[in-house]
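Comments concern the structure below.
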Amino acid sequence: MTLISSLFKYLNVIINLVISMKKMVLIDGNNLMFRSYFATAYTGNLMKNSKGLVTNALYGFANMVNKVIKEENPSYILVAFDKGKSFRREEYKDYKAGRNETPDDLRTQMPIAREMLDAMGIKYFETDNYEADDIVGTVSKWCEVDPEWDALLVTSDHDYLQLIGDGVDIKLLQTKGFVKYNRDTFKEAYGINPPEVTDLKGLMGDSSDNIPGVPGVGEKTALKLLQEYKTLDGVYQNIDSIKGKLKEKLVDNKDLAYFSKKLATIYINVPIPFALEDCKYEGPTDKLDDFYYDLEFYSLMNSHKVKEEVHVDNEYKILDDFSKVDKERIAYYIECDKENYHLANIMGMGIYDGKNAYYVEPSKIQDFFDKTLDTIKYTFDLKKNIVLTNRFDTNTIYDVNLAAYLLNKITKDDLATLMNNDSVSVPLYHDIIKNKLDIKEIVTTKAKYIYLTHDKYIDDLNAEEMFDLYTNIEHP
Amino acid sequence: MEIKGIKCDASILKSMSVEMNKQIEEIQKSIYDLAGEEFNISSPKQLGEVLFDHLGLSHAKKTKTGYKTGEDILEKLVNEHPIIPLILEFRKLTKLNSTYLEGLTKYIMPDGKIHTIYKQTLTRTGRLSSVDPNLQNIPTRDDLGKLIRKAFLPCNTEFLSCDYSQIELRVLAHISGSKELQGAFIRGEDIHTRVAADIFNKPMSEVTKNERRTAKSVIFGIVYGISGFGLGENIGVSPKDAKKFIEKYFELYPGVKDYMDMTVKSAYDSGSVRTLFNRKRSIDELFNSNYMIRQSGERMAMNTPIQGSAADILKKAMVEIDKAFEVNNIKSDMLLQIHDELIFDVVEEEKEKVLNIVRAIMESTVKLDVPLVISQDFGTDLYETK
C-alpha cells in the first residue's frame, strides 16, 4: 500500500503544479465605500467635481481597488454590495440599530460606484435582503471546496474572519495598512479556529452591529472560554466546570448567546446566478478614462485629456544661447531638491517665451537672470525662487501660486496639483523626488503652463475683484 | 525676512534644556514615589492603568485603546490626588523641552540663525503661517515657556515689537457698524472692562479681574462663533449661564448681532464671504447635509471677514513699511510677523526713526471708523521685548 500512497502523493504534486491556482479576490463594496467616505469627510471639505457632484468616496474607492489589483494581481474579482433590508433585521429589529444613517453625500455616490466598476471591467453583485458579507461568504465557500480556486477576502470588517478556510485568506484592512491571515496564522493570533468566530460573537456580542452576546462577557473572557471549550456547545456541555458569576451569566443568557451566534453567522447559501468563472478580470474597459474624466480624477487617467485653452505639448530645447529667447516676457519655473528651500539646491529651471520652451542648467541660471533684467517674468512661488536665486531683481510680476490661492484653488505648494486639476498631466513633486525623475521635461512643461494660463488667472482675479488685492498686498 | 532670519543662541537653549531635564527627572521621581511604581508616564495606556486601576481614581470613559488621560480629564481630578498636578507639570515640561528647546535647536542653521518659512498660501482666512519651525507660537504667557524667548537675540542693537491692540475687535466694530462698540474704542476705553461693566451692570471702576476675564472670553467667543457649550467650558460655567452671557452681549451690542446674522445669510446666498480688501473665501461646509459641519461653516462665515481683514491690514502695513525702509535707507530689518505683531531688529541710531515710521504706517495704513492702536516695546532679547 505504501507504494500506491506515494504514487498518489506524486500525482497530487504533479496535478498541483499543472493546475495553476485560480485566484479570486472578493471585495466588500459597502465596506470600502464607507471607509473611503469617512476617511476624508471629517474635514468638512468634500471632494467634488466642477458640476458639484461629491466624489470623495469614489476617489478613495478607486484608489483602494487599484491598489488591491496591483498588490494581488488577481485573475478573478467580485465586488459585493448590500441591497435592501438585511434578513437579519427581520429576525432582530435592533440589528445594526446603533448606526447613524448613511450620509446623503455617500448615498449619492453608491450607484456611481457600480458604474465605475463596470468601467473598470470588474464584476459586482448585490441581491435583495442579503448583505455583502453573505454574498462573499457564499462565493468564498465555493472557492474553499474547489481545490482549483483560492480566494482572498478584502475588507476591514472583522466578521469576515469566520470565513477564513482552506485556500481562503483574508486581507483585513486597518486604519493604516492591513494584516493578512490564513487559517494557521489566524489560529496563532486568536487561539481559535475561524468558524469559532461566530461562537466568539455569540459570547461577547458586537457593539457595532448591535449584536447583544452575553452581557458582561468581553473579548478576553470569551476567547479564554473558547480556547478551553472550543465552541458554544462545548461551553454549555461543560457549564458545571465554570464557576461563579460567569457561570450565572452564561446560564441566564444561553438563548441570547445562541441567538447572537446566529446573527453573527454569515450566510453561505445566497442564491447566486453566475459561476466563479464569470468573474474573470481582464483589465479596465476603454470607457474607464472617460469615466475618470467626468469625475475629474485626472491623476487616475492613463492618457491625458487636455482642455482647449491649455494645450501643452512637451517639446523643449536646452538653452545655450540667451539671445534666442524672446525678450519681452517669459515664464520660468525652478525645481529644487527639498521642500525647505532654505536648505535646498536648485535642480534646474524651465522657461517658456511664448514660442519655445527651454531648459536651463543650474550653473547658467544666474547668468540668465543677469541678461534678462528687463524682461517681464511670470513664475510659481516667487518667494521660494527669490531665496533660491538670492536675488530680488528678476522683474517677476506674476506668481500663479498667489493668484490661485486668492481664487480659492488648492495648490498644496505644488504646481502639479493646479495643473492636474486643469487636466494637464504632470508628476507630483513627491513623485519627482521619490522616483528621481528627470526634470527637464517637467520644468519646461510647468513654465509653459504658467505662461499660457496667465491671462485666464488675471481675468478671473479681475472678475472676482481681487486684482488690487493681488497687486498691492499679496504680490509685494 | 526669511533670508535675514533671526539669531537664536543654541547654547542658551541647551542650558535651559539641561535645567529642564533636571526638573523633569525630579518630578518623575516624585510621581513614581506617589504611585508606588515606575512606569512610562508618557504612555497614556500605562498612565491610565496606574491612575485608574492601581490608584483607583475616578475615571471617565474607557475607549478601545484604554483610559482617556487628556488634559481636560486630568484637570478635573486635580484635587483627588497629589499625583495629578505633578503629571500635568511633567507633561508641560516634556512638551516645552521637546517642541521648543530641542525642537528649535535643530532648525538653527550654520549662520546661527533660524530661517522660518512663511506660508502665504496655506490658511483659509488669509493669515500667514510659519513653518519649519513655527515661530508664531513661541510661548508668551506662560512664565516658564516665556524664558525660551531669551534665546532669540538681535543682530543689530535691539528688538522692537509693534503690535495691534485688539485689532480683530476693532475690525468687528468697524465692519458691523455697531455704534456702541465703536463708541468704546473711540472713547479710548479698555474694551474688556467696558463689556464687563455692561454685562454685569456696574460702573467700569468696579469691575473685578475675573469679570473682565469672563467678558474677554465672551467677546472672543463671539468673534469665533463658539457655542454656549464651548464658552461654558472656557470660563468654567454651565452652558446655560454661558449662553446667557452671549445673549446679554448681543442685547447690549445689537449692531454686532445684526452683522453676524447678515453675514451668515449672505454666505448662504453666495457660498462665500469677503474681507475688507475683498479677499474671497468659499465656504463649502455651508452646503453639507451634516448639521455640525454646517455650523462650523457658519462660524467660518462670521469669523473670516474679521480675521481675514486683520490679516489684510497687517500685510498691507508690511508692504508699506518695507517700501518706507527702502526710501529712507533704513538699515534695520523687519524680522518676524506673529499674527498681529511685527518684530524688528533695530540699529541704535535708527531707533526713533524706525519707531515713528512703523507706528505711523501701522496706524494709518487703513482708515477705519475706529482708531487702530499700536502698543510697542524695545528689548535686548525677545524675552525682554513685551
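The values are calculated or read from the model by the stated rules, or taken from the named source; none is laboratory data. Since the model is a prediction, treat every value here as computed from it, not as a measurement. Here the Cβ positions follow ideal geometry from the backbone for every residue, glycine too, while neighbour counts run over all protein chains shown. The accessibility values were calculated without ligands, DNA or RNA, using every heavy atom of the protein model including side chains. Shrake-Rupley method; radii C 1.70, N 1.55, O 1.52, S 1.80 Å.
Numerical summary
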item: Test: residue in segment A:39-50 that is part of a helix (DSSP H, G or I) and not small (Gly, Ala, Ser); result: yes
item: Residue list for segment A:240-293, restricted to those being under 30 Å from residue A:22 (Cβ atoms), open to solvent by 70 Å² or more (accessible area, probe 1.4 Å) and within 28 Å of the chain's Cα centre (by Cα); result: A:277, A:278, A:280, A:282, A:284, A:286, A:287
item: Single match in B:123, B:116 (criterion: within 21 Å of the chain's Cα centre (by Cα), at pLDDT 75 or above and closer than 20 Å to residue B:12 by Cβ); result: B:116
item: Segment A:303-345, residues that are assigned to a loop (DSSP other than H, G, I, E, B), among the hydroxyl-bearing types (Ser, Thr, Tyr) and either open to solvent by 100 Å² or more (accessible area, probe 1.4 Å) or modelled with pLDDT under 80 (or both); result: A:303, A:316
item: Residue within segment B:59-78 that is in a loop (DSSP other than H, G, I, E, B), among the small types (Gly, Ala, Ser) and either more than 28 Å from residue B:310 (Cα to Cα) or touching a Cys at 6+ places or on another chain (Cβ under 9 Å) (or both) present; result: yes
item: Enumeration of residues in segment A:163-210 that are in a loop (DSSP other than H, G, I, E, B), within 30 Å of residue A:60 (Cα to Cα) and in contact with an Asp or Glu (Cβ under 8 Å, 6 or more places away or on another chain); result: A:167, A:182, A:209, A:210
item: Residue in segment B:318-340 that is within 11 Å of chain A (Cβ to nearest Cβ), among the hydrophobic types (A, V, I, L, M, F, W, C) and within 23 Å of the chain's Cα centre (by Cα) present; result: yes
item: Pick from segment B:75-113, criterion away from chain A (no Cβ under 14 Å) and of a type in the set (Phe, Trp, Tyr), ranking: surrounded by the most Cβ atoms within 10 Å (Cβ to Cβ); result: B:100
item: Residue check for residue A:421: polar (S, T, N, Q), within 37 Å of the chain's Cα centre (by Cα) and within 14 Å of chain B (Cβ to nearest Cβ); result: no
item: Candidate set from segment B:254-304 (those that are part of a loop (DSSP other than H, G, I, E, B) and open to solvent by 20 Å² or more (accessible area, probe 1.4 Å)); member that is nearest to residue A:100 (Cα to Cα); result: B:290
item: Every residue from segment A:365-413 that is more than 17 Å from residue B:117 (Cβ to Cβ), at the interface with another protein chain (Cβ under 9 Å from one of its Cβ atoms) and open to solvent by less than 10 Å² (accessible area, probe 1.4 Å); result: A:404, A:406
item: Complete set of residues in segment B:200-216 that are surrounded by fewer than 22 Cβ atoms within 10 Å (Cβ to Cβ) and either modelled with pLDDT under 80 or among the small types (Gly, Ala, Ser) (or both); result: B:205
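Residue-wise test of (1) over 21 Å from residue A:139 (Cβ atoms); (2) in contact with a Cys (Cβ under 8 Å, 6 or more places away or on another chain); (3) at pLDDT 75 or above.
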{"site": "A:5", "(1), (2), (3)": "yes, no, no"}
{"site": "A:8", "(1), (2), (3)": "yes, no, no"}
{"site": "A:11", "(1), (2), (3)": "yes, no, no"}
{"site": "A:16", "(1), (2), (3)": "yes, no, no"}
{"site": "A:23", "(1), (2), (3)": "no, no, yes"}
{"site": "A:28", "(1), (2), (3)": "no, no, yes"}
{"site": "A:32", "(1), (2), (3)": "no, no, yes"}
{"site": "A:37", "(1), (2), (3)": "yes, no, yes"}
{"site": "A:42", "(1), (2), (3)": "yes, no, no"}
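Yes/no matrix, rows are residues, columns are (1) within 11 Å of chain B (Cβ to nearest Cβ); (2) in contact with a strand residue (DSSP E or B) (Cβ under 8 Å, 6 or more places away or on another chain):
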| site | (1), (2) |
| --- | --- |
| A:415 | no, yes |
| A:428 | no, no |
| A:431 | no, no |
| A:435 | no, no |
| A:445 | no, yes |
| A:462 | no, no |
| A:467 | yes, no |
